[in-house]
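Trainee: This is the structure I want to talk about, given as structure tokens.
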Amino acid sequence: MATPVKVYGPPMSTAVSRVLACLYEKNVEFELISINMSKGEHKKPEFLKLQPFGQVPAFEDESISLFESRAICRYICDKYADKGNKGLYGTNPLAKASIDQWLEAEGQSFNPPSSTLVFQLAFAPRMNIKQDKVVIRQNEEKLSKVLDIYEKRLGEARFLAGDEFSLADLSHLPNTQYLVSGTDKGNLFTSRENVGRWWDEISSRDSWKKVVDLQKGA
Amino acid sequence: MAAIKAHGSLISTATNRVLVTLYEKELEFEFVSVDMSTGEHKKDHFLSLNPFGQVPALEHGDLKLFESRAITKYVAYEYANKGTQLIHQDSKKMAITLVWMEVEAQQYDPVASKLTWELGLKPMLGMVTDKAIVEENEAKLAKVLDVYENRLAHSKYLGGDCFTLADLHHLPTLQYLLGTQSQKLFDSRPHVSAWVADITARPAWLKVQAMRNKH
């Protein structure tokens, strides 16, 4: 039996949970190795060897060490192409290009405002950091504009890249989970008919439910 | 087969990212200029190519693509047998390249783009540079480039031994920042400096510069 792959970082980290969702979708066994961020473990030399920017996650299997959650996900989909959800990263070049397009849209347009809101509304209070109301308002406006575009797209297609659930949709799960379940900004998603329908569908997947359970248990 | 059409603006870093890739792959293409000063990128015709109303967009027959890094990847894979090899067929080597492509997109570009806007584009458009933003982002860029310096001390290019998309994606913002006060951040790091000199001298990149000088 293959050795489980290793993922370093806390499951409550959005980037870590992105990788975990992908591993569950692909039925790849993993070992989650805890990194105590409140004690600065992610900034220590031993961890910096795995991730030179001192951020989570880091990933290791028997042949390679990687970082950056979206790169790790692409690697998992490529290496384990025949396992689990075979269409997660497309089964032909055109499908893959469409998925990459929406994965880039997530990384470039959705992630910046949504992760700022997640930090301000879900994490800052826990860390006794003062919330910045101007930053919250600006990023809510930016995210709203992005979600208006998603609303139109999801009226034309069931999922972002087409008819099938893909890595592009998966990549949105972590930030959206926090915003919908852990802040008062969930209405940004639920008040938009197509976005709301899409969120219900992607967050009901078994793979994501397993990640949420891990987050609750940690 | 229909011609490749690259829609965009020659001052746009993202557009240049696509153009240099097309030149590296020695592909014939038509450049379709999008007049952003008249809001052409927000009009229905362009929104059908890129619903975010941003440049660039690529058209090839029935295929329409947006997001420069998705376009470059598609082109690099689709034309793997033509021109410069910009990706790896070996999955381990490609995984490392993918890591550094994400580093560019997530660590380097947010900071470099802000500096490009303040120091490169604003002066061109007759707007005033915000010194506080410049200072804040130069400090952030310095930290990113410290990681790059360490990486490039052990690896000729970011993704490994060969020039790939991981290096190419940096070219447009790099070009803007050279010749501004931020150049010192690159010059003061010997491996980064050598890498910058190497990649900005590539013939394909010089062809993109020539396009800008003509228009």
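The values are calculated or read from the model by the stated rules, or taken from the named source; none is laboratory data. Just so it is clear, the model here is predicted, and its values are computed rather than measured. For neighbour counting, all protein chains shown are included, and Cβ atoms are generated from backbone atoms with ideal geometry for every residue, glycine included. For accessibility, only protein heavy atoms count, side chains too; no ligands or nucleic acids. Shrake-Rupley method; radii C 1.70, N 1.55, O 1.52, S 1.80 Å.
Trainee: Using a ≥ b ≥ c from the Cα gyration tensor of chain A (square roots of the eigenvalues), is it rounded, prolate or oblate, where a/c under 1.5 gives rounded and otherwise the larger of a/b and b/c decides, a/b for prolate?
Mentor: Since a/c reaches 1.5 but b/c is at least a/b, the shape of chain A is classed as oblate.
Trainee: For the protein assembly as shown, give me every cysteine whose Cβ has no other Cys Cβ within less than 4.7 Å, ordered by residue number.
Mentor: Result for the protein assembly as shown is A:CYS77, B:CYS162, no neighbouring Cys Cβ within the cutoff.
Trainee: Using only Cα positions of the stretch B:8-76, each an equal point scatterer, no hydration layer, compute I(q)/I(0) via Debye at q = 0.16, 0.21, 0.22, 0.24 Å⁻¹ and quote the log10 values to two decimals.
Mentor: One equal scatterer on each Cα of the stretch B:8-76 leads to -0.49, -0.85, -0.93, -1.10.
Trainee: Between A:CYS22, A:TYR8, A:ASN128, whose Cα lies farthest towards the positive end of the dipole of chain A when Lys and Arg beta carbons carry +1 and Asp and Glu beta carbons carry -1, centred on the Cα centre?
Mentor: Farthest towards the positive end: A:ASN128.
Trainee: For the stretch A:1-75, with only Lys/Arg (+1) and Asp/Glu (-1) charged at the beta-carbon, what is the dipole magnitude about the Cα centre, in debye rounded to 20?
Mentor: Charge dipole, the stretch A:1-75, about its Cα centre: 320 debye, nearest 20.
Trainee: At 1.4 Å probe radius, can you tell me the per residue accessible area of the stretch A:1-50 in Å²?
Mentor: Each residue of the stretch A:1-50 exposes 52 Å² on average to a 1.4 Å probe.
Trainee: Pull out a ≥ b ≥ c, the square roots of the eigenvalues of the alpha-carbon gyration tensor of chain B, then state rounded if a/c is under 1.5, prolate if not and a/b is larger than b/c, and oblate in the remaining case.
Mentor: Taking the square roots of the gyration eigenvalues as a ≥ b ≥ c, chain B is oblate.
Trainee: Can you pull the one-decimal nm distance between simple spin-label points at A:GLU164 and B:ASP130, each 7 Å off the Cα toward Cβ?
Mentor: If labels sit at A:GLU164 and B:ASP130, their model points lie 4.4 nm apart.
Trainee: Mean residue ellipticity at 222 nm from the helices of chain A, using -39,500 (n - 2.57) per DSSP H segment of n ≥ 4 over the full residue count, to the nearest 500 deg cm²/dmol?
Mentor: Computed ellipticity for chain A at 222 nm equals -15500 deg cm²/dmol.
Trainee: Of B:HIS191, B:HIS154, B:HIS170, which is the most mobile in a GNM of chain B whose springs link Cα atoms less than 10 angstrom apart?
Mentor: Most flexible of the set in this elastic network: B:HIS154.
Trainee: What FRET efficiency comes out for A:ASP148 versus A:PHE53 if R0 is 51 angstrom and r is the Cβ-Cβ distance? Round to the nearest 0.05.
Mentor: About 0.95, to the nearest 0.05.
Trainee: Could you work out the helix-only [θ] at 222 nm for chain B, with each DSSP H run of four or more residues adding -39,500 (n - 2.57) and the total divided by the number of residues, to the nearest 500 deg cm²/dmol?
Mentor: -15000 deg cm²/dmol
Trainee: Same structure, new question: Taking only Cα atoms and a 10 Å spring cutoff, compute GNM fluctuations for chain B and point out the largest among B:ALA14, B:ALA105, B:ALA201.
Mentor: Result: B:ALA201 has the largest fluctuation of those listed.
Trainee: Note every residue of the stretch B:65-86 with a reduction of at least 50 square angstrom in accessible area, all protein chains present versus the isolated chain, computed with a 1.4 Å probe, or write none.
Mentor: When all protein chains are present, B:PHE66, B:GLU67, B:LYS73 each give up 50 Å² or more of accessible surface.
Trainee: Can you tell which of A:SER115, A:LEU160, A:SER204 lies farthest toward the positive end of the dipole of chain A, using +1 and -1 charges on the Cβ of basic and acidic side chains (Lys, Arg; Asp, Glu)?
Mentor: Of the listed residues, the answer is A:SER115.
Trainee: At B:ASP90 and B:LYS207, where each label point lies 7 Å from the Cα along Cα→Cβ, what is the point-to-point distance in nanometres?
Mentor: Distance between the two pseudo-spin positions: 2.8 nm.
Trainee: While we're here: Report the charge-dipole magnitude of the protein assembly as shown in Debye, nearest 20, computed about the Cα centre from +1 at each Lys and Arg Cβ and -1 at each Asp and Glu Cβ.
Mentor: 620
Trainee: As I understand it, the dipole of the stretch A:34-95 uses +1 on the Cβ of Lys and Arg and -1 on the Cβ of Asp and Glu, about the Cα centre. Which of A:ASN92, A:CYS77, A:PHE67 lies farthest toward its positive end?
Mentor: Toward the positive end, the furthest listed residue is A:PHE67.
Trainee: The stretch A:82-146: D in µm²/s via Stokes-Einstein (Kirkwood Rh, Cα pairs, 20 °C, 1.002 mPa s)?
Mentor: Answer, rounded: 154 µm²/s.
Trainee: Okay, moving on. How much net charge surrounds A:PRO174 when only other residues with a Cβ under 13 Å from its Cβ are counted (Lys, Arg +1; Asp, Glu -1)?
Mentor: 0
Trainee: If R0 is 56 Å, what FRET efficiency do you get for B:LYS5 and A:LYS130 from their C-beta distance, rounded to 0.05?
Mentor: Using R0 = 56 Å, I get an efficiency of 0.70.
Trainee: Any idea of the total accessible area buried by the A-B contact, 1.4 Å probe, rounded to 100 Å²?
Mentor: Chains A and B together bury roughly 2500 Å² of accessible area.
Trainee: Going through the stretch A:1-95, which trypsin sites (Lys or Arg not before Pro) have at most 16 other Cβ atoms within 10 Å and a DSSP loop state?
Mentor: A:LYS49, A:LYS83, A:LYS86
Trainee: Starting from 0.36 nm per residue, how many nanometres of slack lie between B:LYS64 and B:LEU178 once their C-alpha separation is accounted for?
Mentor: 37.7 nm
Trainee: Would you work out the relative contact order for chain A, in percent, from Cα pairs under 8 angstrom that are 6 or more residues apart?
Mentor: About 22 percent, as a whole number.
Trainee: What is the dipole size for chain B, taken about its Cα centre, with +1 at each Lys and Arg Cβ and -1 at each Asp and Glu Cβ, in debye to the nearest 20?
Mentor: With Lys and Arg at +1 and Asp and Glu at -1, about 160 debye.
Trainee: Let me ask something additional. Equivalent ellipsoid semi-axes for the protein assembly as shown, as square roots of 5 times the alpha carbon gyration tensor eigenvalues: give them largest first, rounded to whole Å.
Mentor: 31, 26, 24
Trainee: Then there's this: Obtain the nm distance between the two label points defined at A:SER63 and A:SER34 by a simple spin-label model: each point lies 7 Å from its Cα along the Cα-to-C-beta direction.
Mentor: Between A:SER63 and A:SER34, the simple spin-label model gives 3.3 nm.
Trainee: Lysines near A:LYS39 by alpha-carbon distance under 24 Å, same-chain residues fewer than 8 away left out - which ones?
Mentor: A:LYS6, A:LYS49, A:LYS130, A:LYS216, B:LYS140, B:LYS143
Trainee: Hey, another quick one. Name the shape class, rounded, prolate or oblate, that the alpha-carbon gyration tensor gives for the stretch B:60-143, where a ≥ b ≥ c are the square roots of its eigenvalues, rounded holds for a/c under 1.5, and otherwise prolate holds if a/b is larger than b/c and oblate otherwise.
Mentor: Taking the square roots of the gyration eigenvalues as a ≥ b ≥ c, the stretch B:60-143 is oblate.
Trainee: For chain A, with a Gaussian network of springs between Cα atoms less than 10 Å apart, report the residue from A:LEU48, A:LEU117, A:LEU154 with the top mean-square fluctuation.
Mentor: Sorting by GNM fluctuation, first place goes to A:LEU48.
Trainee: How much of the accessible area of the protein assembly as shown, in percent, comes from carbon and sulfur atoms when a 1.4 Å probe is used?
Mentor: Carbon and sulfur: 51 percent of the exposed surface of the protein assembly as shown.
Trainee: Under 28 Å Cα to Cα from B:LYS82, which lysines show up? Leave out anything in the same chain fewer than 8 places away.
Mentor: List returned: A:LYS79, A:LYS96, B:LYS5, B:LYS25, B:LYS64, B:LYS73, B:LYS92, B:LYS93, B:LYS156, B:LYS207, B:LYS214.
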